Amino acid sequence: MKKHSRLYLARHGQIYGFEKRIMCGFTDTPLTPTGILQMERLAERLRLAEIGVIYASDLQRSFRGAQIVAKDHDIQVFQFAELRELNFGRWEGLSLTDLEEQFPGKLDKRMTNPLSFQIPEGETILNFSKRIVKCLNSIINGNRGKDILILGHKGVNRVILCHILDMDLSKVFSFEQDYGCLNIIDFFPDNTKVVKLING
């Protein structure tokens, strides 16, 4: 058995509505043709990786991307609803323009004070983080010595990176996570973590 686990943490590909910057959390939006191509390119990058297990959320943009990568490794994709993007509540489906019209000034407040801001009928960053970190710990602890792929979402990946780097959650927006990007983190038995790549 390997002495450490490697986490390949990727973001799904481009989705419909991207050009309007739609708030898409729990909404089950599919990949565009470009998004599928981005996942095929990710699969090519990971073709020689010794991935032993793959996890995705139950939203199709995550699961479909994971399936594309899984073809080269002949393994099952496990779907966890706990890996969904943040629930944007009443903001779901709104573009940034719509958001400013219907909830003026609220987006700036969220960016300035992410931990104290509550999206109407949505999920707080704190509760979102607890959900994601609990799921991450379960995945890592259950797959010691394996190489793992999590095909995540922008917010999911940001929370995981904050947690791994022991950064305050208020810095969660400090990380960019482009469509189809890849992050690589090694986990060692003494709980040391080594970040090899971010948003690559």
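Using a simple spin-label model with pseudo-atoms 7 Å out from Cα toward Cβ, Gln102 and Thr27 lie 0.9 nm apart.
Please find the FRET efficiency linking Leu165 to Ser116, where r is the Cβ-Cβ separation and R0 is fixed at 25 Å, and quote it to the nearest 0.05.
0.70
At q = 0.09, 0.12, 0.15 Å⁻¹, what is the base-10 log of I(q)/I(0) for the range 80-193 according to the Debye formula with one equal point scatterer per Cα and no solvent? Please give it to two decimals. Reported log10 I(q)/I(0), two decimals: -0.27, -0.47, -0.71. In this rough spin-label picture, where each label sits 7 Å from Cα along the Cβ direction, the Lys20-Val194 distance is 4.6 nm.
Nearest 10 degrees, 0 to 90: what angle lies between the long axis of helix 60-70 and the longest principal axis of the chain (Cα atoms)? Approximately 20 degrees, to the nearest ten. Would you mind checking the pairs Lys20/Lys109; Lys134/Lys171; Lys134/Lys154; Lys106/Lys134 and listing those with alpha carbons more than 26 angstrom apart? In this structure, Lys106/Lys134 exceed 26 Å between Cα atoms. For the chain, taking the reciprocal of the average inverse distance between every pair of different Cα atoms yields a Kirkwood hydrodynamic radius of 17.2 Å.
Could you run the Debye sum over the Cα atoms of the range 43-125, one equal point scatterer each and no solvent, and tell me log10 of I(q)/I(0) at q = 0.16, 0.17, 0.22, 0.25 Å⁻¹, two decimals? Taking Cα atoms of the range 43-125 as identical point scatterers yields -0.73, -0.77, -0.94, -1.12. Measuring between their Cα centroids, the range 1-70 and the range 128-177 lie 15 Å from each other. Based on the reciprocal of the average 1/r between different C-alpha atoms, the Kirkwood radius for the range 64-104 equals 13.2 Å. A convex hull fitted around the alpha carbon atoms of the range 1-71 yields 97 Å³ per residue.
The fewest-to-most ranking of Ile132, Ile68 by surrounding Cβ atoms within 10 Å reads Ile68, Ile132. Value of Rg to Rh for the range 81-137, rounded to two decimals, is 1.01; Kirkwood radius and Rg both from alpha-carbon coordinates.
For the range 28-45, backbone phi angles converted through the Karplus equation (6.51, -1.76, 1.60; θ = phi - 60°) give residue-by-residue couplings of 8, 8, x, 6, 7, x, 5, x, 5, 4, 4, 6, 5, 5, 4, 4, 5, 4 Hz, Gly and Pro being listed as x. Dipole magnitude for the range 4-116: about 200 debye, using +1 per Lys or Arg Cβ and -1 per Asp or Glu Cβ, origin at the Cα centre.
Just so you know, all these numbers are worked out from the coordinates, no wet-lab data involved. Computed from a prediction, not measured in an experiment: that's the story for all the values here. No Cβ is skipped: glycine too gets one built from the backbone with ideal geometry, and neighbour counts run over all protein chains shown.
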